[in-house]
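Asker: Below you'll find the structure I mean.
The values are calculated or read from the model by the stated rules, or taken from the named source; none is laboratory data. In this text, all values refer to a predicted model and were calculated from it rather than measured experimentally. Positions of Cβ are backbone-derived with ideal geometry, glycine not excepted, and every protein chain shown enters the neighbour counts. The accessibility values were calculated without ligands, DNA or RNA, using every heavy atom of the protein model including side chains. Shrake-Rupley method; radii C 1.70, N 1.55, O 1.52, S 1.80 Å.
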Amino acid sequence: MEIKIQNLSKKYKNVKALNNINLAFNTPAMIGLVGPNGAGKSTLMKILVGQLKATEGEVLIDGVSLNKREKYLKERLGYLPQDFGLYEELRVEEYLDYMASLKRIKENKKDEIKRVLVMTNLEEKRKLKIKTLSGGQKQRVGIAQAMLNNPELIIVDEPTVGLDPEERIKFRNLFSEDSIDKIVILSTHIIEDVESICNLIIVINKGKILFVGEPSELVRKA
Ligand code: ADP
Ligand code: ADP
């Protein structure tokens, strides 16, 4: 898969949230989208998942405009938004069953749910109500739903917010193995949370790309 972001800008009334973004990446890629609050990360991710329309420019997936990729967006994309509301009263497996239905997974639904439960190390928690889980466990449920249908593109917005240090380390382990055949984009304002697992870092601030490259090329200011 190839994603091309061309001359992309987004304005909210008088705020220029994205200012002429140009990026391209191919499978496989493990990408950290890094920038302070208000940089434009969520806006970029919402455009990539089709939730928000750009003011200018476009996104191409394998050469085809994102706007023409409705089925793909609905069924073949993994997305964990930042303000993700889990259905607290549901049990983990009920919730994943519901999300699998939304993605039109039919015949192999049971196996697919099992697969993502194992991957996120939640098999033992599958019968528990979501409201009884810890913050890190809930976040893994969110990542499990994003992995349903084995999408080629997974987008996770601020996955480490609200996690304690131990949960942060678990989070890093979650993506390192599974990501080889995908494009995974993780946004964060804490670079340490992604630099060890990503092979590409994109730094964004005030709607502009400041840096694109390998983590080792990134010189951090002390
Ligand atoms: P980040 O995810 O990096 O914190 P955002 O994409 O949420 O950044 O925001 C980028 C800029 O756009 C910020 O100045 C933010 O306040 C503004 N913004 C985001 N969403 C809206 C909106 N719905 N209406 C107006 N301004 C918005
Ligand atoms: P994020 O960093 O993910 O954008 P925020 O707390 O900035 O989180 O935004 C939460 C929600 O409020 C988002 O849906 C965003 O689009 C919206 N939002 C952010 N800034 C503004 C703003 N200045 N005016 C209106 N809506 C905003």
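Asker: So if I place +1 on the C-beta of Lys and Arg and -1 on the C-beta of Asp and Glu, and nothing else carries charge, what would the dipole magnitude of region 31-94 be about its Cα centre? I want it in debye, nearest 20.
Answerer: 300 debye
Asker: Work from the charge dipole of the chain (Cβ charges, +1 for Lys and Arg, -1 for Asp and Glu, about the Cα centre) and give the residue of 47, 130, 61 farthest towards its positive end.
Answerer: The one lying farthest along the dipole's positive direction is 47.
Asker: I'd like the orientation of helix 165-176 relative to the chain: the angle between its Cα long axis and the longest Cα principal axis, in ° from 0 to 90, rounded to 10.
Answerer: For helix 165-176, the angle is close to 80 degrees.
Asker: Taking a quarter of the surface of the Cα convex hull of the chain, what do you get in nm²?
Answerer: So the Cα hull casts an average projection of 12.4 nm².
Asker: Calculate, in nm to one decimal, what residue 101 and residue 20 gain on full extension: separation in residues at 0.36 nm each, minus their alpha carbon distance.
Answerer: Here the answer is 25.5 nm.
Asker: What is the total of Lys pairs in region 25-107 with C-alpha atoms under 15 Å apart, excluding same-chain pairs fewer than 8 positions apart?
Answerer: Here the count comes out as 6.
Asker: Hey, another quick one. Only Cα pairs under 8 Å and at least 6 apart count here; give the relative contact order of the chain as a rounded whole percent.
Answerer: On the way: 406 pairs, mean separation 67.1, N = 222.
Across the chain, relative contact order equals 30 percent.
Asker: Let me ask another. What residue among 82, 72, 102 has its Cα farthest toward the positive end of the dipole of region 63-127, where the charges are +1 on Lys, Arg and -1 on Asp, Glu, each on the Cβ?
Answerer: Checked the options; the winner is 72.
Asker: Moving on. Which residues' amide hydrogens lie under 5 Å from the amide hydrogen of residue 204, considering only partners 5 or more residues apart or on another chain, with H built in the peptide plane?
Answerer: Here 34, 35, 210 satisfy the definition.
Asker: Okay, moving on. Which FRET efficiency, nearest 0.05, do residue 173 and residue 217 yield, Cβ-Cβ r, R0 25 Å?
Answerer: Values: r = 24 Å, r/R0 = 0.97.
So the FRET efficiency works out to roughly 0.55.
Asker: Another question, then. So with the 1.4 Å probe, I'd like the accessible area per residue for the chain, rounded to whole Å².
Answerer: Numbers: 11440 Å² over 222 residues.
Accessible area per residue: 52 Å².
Asker: So how strong a dipole does region 65-121 carry about its Cα centre when Lys and Arg Cβ are +1 and Asp and Glu Cβ are -1, to the nearest 20 debye?
Answerer: So the dipole magnitude of region 65-121 works out to roughly 480 debye.
Asker: Could I ask something else about it? For residue 123 and residue 11, calculate 0.36 nm times their separation in residues minus their Cα-Cα distance, and state this gained length in nm to one decimal.
Answerer: Contour length minus Cα-Cα distance gives 36.0 nm.
Asker: Dipole size in debye (nearest 20) for the chain around its Cα centre, Lys and Arg Cβ +1, Asp and Glu Cβ -1? Walk me through the numbers before you get to the answer.
Answerer: Values: 36 positive and 31 negative charges, 159 e Å.
That gives a dipole near 760 debye.
Asker: Considering the options 175, 154, 28, tell which one lies farthest towards the positive end of the dipole of the chain, charges being +1 on Lys and Arg and -1 on Asp and Glu at the Cβ, about the Cα centre.
Answerer: Going by the Cα projections, it comes out as 154.
Asker: Let me ask you something else. Explain nothing, just compute: Karplus ³J(HN,Hα) = 6.51 cos²θ - 1.76 cosθ + 1.60, θ = phi - 60°, for every residue of region 143-151 in order, whole Hz, x for Gly and Pro.
Answerer: For region 143-151, the Karplus-derived couplings read 6, 4, 5, 5, 8, 4, 6, 6, x Hz, x marking Gly and Pro.
Asker: Pairs of lysine in region 108-182 with Cα under 25 Å and at least 8 positions apart or on different chains: total?
Answerer: The result is 29.
Asker: Computing the accessible area with a 1.4 Å probe over protein heavy atoms, can you report the carbon and sulfur percentage for the chain?
Answerer: Of the solvent-accessible surface of the chain, carbon and sulfur hold 48 percent.
Asker: Helix-only estimate, please: 222 nm mean residue ellipticity of the chain, summing -39500 (n - 2.57) across DSSP H runs of length 4 or more and dividing by its residues, to the nearest 500.
Answerer: On the way: 6 runs with 61 residues, N = 222.
That calculation yields -8000 deg cm²/dmol at 222 nm.
Asker: If we count GluC sites (Glu not before Pro) as exposed when they sit in a DSSP loop and have at most 13 other beta carbons within 10 Å, what is the longest stretch of the chain that avoids them all?
Answerer: Between exposed loop sites, the widest span is 1-87.
Asker: Could you work out the relative contact order of region 158-207, using alpha carbon pairs under 8 angstrom and six or more residues apart, expressed as a whole percent?
Answerer: 44 percent
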